[in-house]
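What follows is a set of notes on a single structure, which appears directly below.
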Amino acid sequence: MNEDMKIGTKIALEGVKEELIKVRAELKRKGYDNRRGFTTIEAYIDDSIKELK
């Protein structure tokens with residue numbers, strides 16, 4: 001994977017993480033507790049971003 005692809009992938013993953021944070025905030029606003037699956041997805045995204053550095 002070349003540097004341009006790494007940068008693009010990192011930007012895309014950060015965008016997904018931002019959307020995930022928005023979804024969690026909206027669910028919390030509506031009275032739903034944090035779901036365990038969200039932390040798993042966030043951990044996967046964080047690990048993927050770290051691998052790209």
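Measuring nothing but protein heavy atoms, the accessible surface of the chain at 1.4 Å probe radius is 55 percent carbon and sulfur.
Of all trypsin sites (Lys or Arg not before Pro) in the range 1-44, which ones are in loop regions per DSSP and have a Cβ with at most 16 other Cβ atoms within 10 Å? Don't skip to the end; give the middle numbers.
Details: sites: K6, K10, K17, K22, R24, K28, R29, K30, R35, R36; in loops: K30, R35.
Answer by residue number: K30, R35.
The residue list A43, L27, T9 was ranked by how far each Cα lies along the charge dipole of the chain toward its positive end, using unit charges on Cβ atoms, and L27 comes out on top.
Note that the chain carries a Kirkwood radius of 12.0 Å, evaluated over its alpha carbons pair by pair. Compared with the dominant principal axis of the Cα atoms in the chain, helix 36-52 is inclined by about 20°.
Treating the angle as unsigned and between 0 and 90°, give the value, to the nearest 10°, between the Cα long axis of helix 3-29 and the longest Cα principal axis of the chain. Value to nearest ten degrees: 0. Rolling a 1.4 Å probe over the protein heavy atoms gives the range 9-50 an accessible area of 79 Å² per residue.
Loop-located chymotrypsin sites (Phe, Trp or Tyr not before Pro) in the chain (DSSP state not H, G, I, E or B) with no more than 14 neighbouring Cβ atoms inside 10 Å: Y32.
The values are calculated or read from the model by the stated rules, or taken from the named source; none is laboratory data. Computed from a predicted structure; not experimentally measured. Neighbour counts are summed over all protein chains in view; Cβ atoms, including those assigned to glycine, are modelled from backbone coordinates with ideal geometry. The area values use the complete protein model at the heavy-atom level, side chains included, leaving out ligands, DNA and RNA. Shrake-Rupley method; radii C 1.70, N 1.55, O 1.52, S 1.80 Å.
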